[in-house]
1. Just the residues that are surrounded by fewer than 12 Cβ atoms within 10 Å (Cβ to Cβ) and in contact (Cβ under 8 Å) with a residue 24 or more places away in the chain, please, taken from the range 106-116.
2. Taking the range 1-54, which residues are of a type in the set (Gly, Ala, Ser), open to solvent by 40 Å² or more (accessible area, probe 1.4 Å) and not in a helix (DSSP H, G or I)?
3. Looking at ILE178, is it within 26 Å of PHE27 (Cα to Cα), surrounded by fewer than 18 Cβ atoms within 10 Å (Cβ to Cβ), among the β-branched types (Val, Ile, Thr) and at pLDDT below 85?
4. Failed condition for LYS132, given (1) open to solvent by 80 Å² or more (accessible area, probe 1.4 Å); (2) touching a strand residue (DSSP E or B) at 6+ places or on another chain (Cβ under 9 Å), with all others met?
5. Only one residue in TRP125, TRP162 is closer than 20 Å to SER70 by Cα, modelled with pLDDT of 80 or more, touching a strand residue (DSSP E or B) at 6+ places or on another chain (Cβ under 9 Å) and buried (at least 17 other Cβ atoms within 10 Å of the Cβ). Which one?
6. Among what's in the range 102-137 and is of a type in the set (Ser, Thr, Tyr) and part of a strand (DSSP E or B), pick the residue that is nearest to PRO154 (Cα to Cα).
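The values are calculated or read from the model by the stated rules, or taken from the named source; none is laboratory data. Owing to the predicted nature of the structure, the values given are computational and were not obtained by experimental measurement. With ideal geometry, Cβ positions are generated from the backbone for all residues, glycine too; neighbour counts draw on all protein chains shown. For accessibility, only protein heavy atoms count, side chains too; no ligands or nucleic acids. Shrake-Rupley method; radii C 1.70, N 1.55, O 1.52, S 1.80 Å.
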Amino acid sequence: MAGKISDKLFTRLLFLFIFVACLFVSFKTTKRRKVADVQLPIDSLSKTKPLVTPSFPVKKKVGIYSLTMSVYPHMTHVNGDFIYLMAEMYDSEDRRINEFENEYWWESGRDSDGTWTEKEESESWIFKNRQKNDSLYLEIYGEKSLSKGVYYNPKSVRIQVWEDPQAAIAKYFLVTGIVFLVLFIILLFM
C-alpha cells in the first residue's frame, strides 16, 4: 500500500506545478511585434501644421495594438518646461478614427519632506483594430515651452506601435509564476 505524502510536500509540488504551468502559458502566448517606430523633430511641432507619421499596417486577425508616444531623449530638468502632444489617428481613407493626447514635463522642488522630482516623459494607449486589414497614420499637433541653451532638451517625438495580442496575459502569467516560484523556494527551506 502506497504511503501518504505530507501536506508540506504536496504544497511544494503544487507550487512547483503552478510555476511551471504559468511559465509555459507565458512563453506560449504570442509576443508583441513592433509595426512602427518613428521619430519626428520637436522643432517642427506646431498647433496648426501637423507632423505626419508614415503609414503602418494593422491586421484584422491581431485586433489589439498598443501605441506609445514619448519625448526623446528625455525632458529637461527645468521647472516650467513642457511639451503638449495631441495625435489624431487616420485610416487609409483619411477618416479620423481615434485621438491621443498627453503633456510631458519634469519638475523638482524642496518641501518639508526634502527634495522631490516628478516627470512625465512617455504615455501608452491600447487601441482596437476595427476588424479589417488597413493602414493607419498619425497627425501630431502640439506646443512646447523649452528653455533655450539647455543641453538636455528633447530633440524628437517618438511614436511606437506594437501588435499586442496577448502581451498583457503573458506578463500576468509570468508574474504569477514568479510568485509561486518564490513561495516554493521559501517552503523548500522551512
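1. GLY109, the sole residue that qualifies.
2. ALA2, GLY3, SER6 - these are the residues of the range 1-54 that are of a type in the set (Gly, Ala, Ser), open to solvent by 40 Å² or more (accessible area, probe 1.4 Å) and not in a helix (DSSP H, G or I).
3. no
4. Here LYS132 clears every test but (1).
5. The match here is TRP162.
6. Restricting to residues being of a type in the set (Ser, Thr, Tyr) and part of a strand (DSSP E or B), the top hit is TYR104.
Conditions tested, residue by residue: (1) in contact with a helix residue (DSSP H, G or I) (Cβ under 6 Å, 6 or more places away or on another chain); (2) over 21 Å from GLU163 (Cα atoms); (3) of a type in the set (Ser, Thr, Tyr).
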position: PRO50; (1), (2), (3): no, yes, no
position: VAL62; (1), (2), (3): no, no, no
position: SER66; (1), (2), (3): no, no, yes
position: TYR84; (1), (2), (3): no, yes, yes
position: ASN102; (1), (2), (3): no, yes, no
position: SER108; (1), (2), (3): no, yes, yes
position: TRP116; (1), (2), (3): no, yes, no
position: ASP134; (1), (2), (3): no, no, no
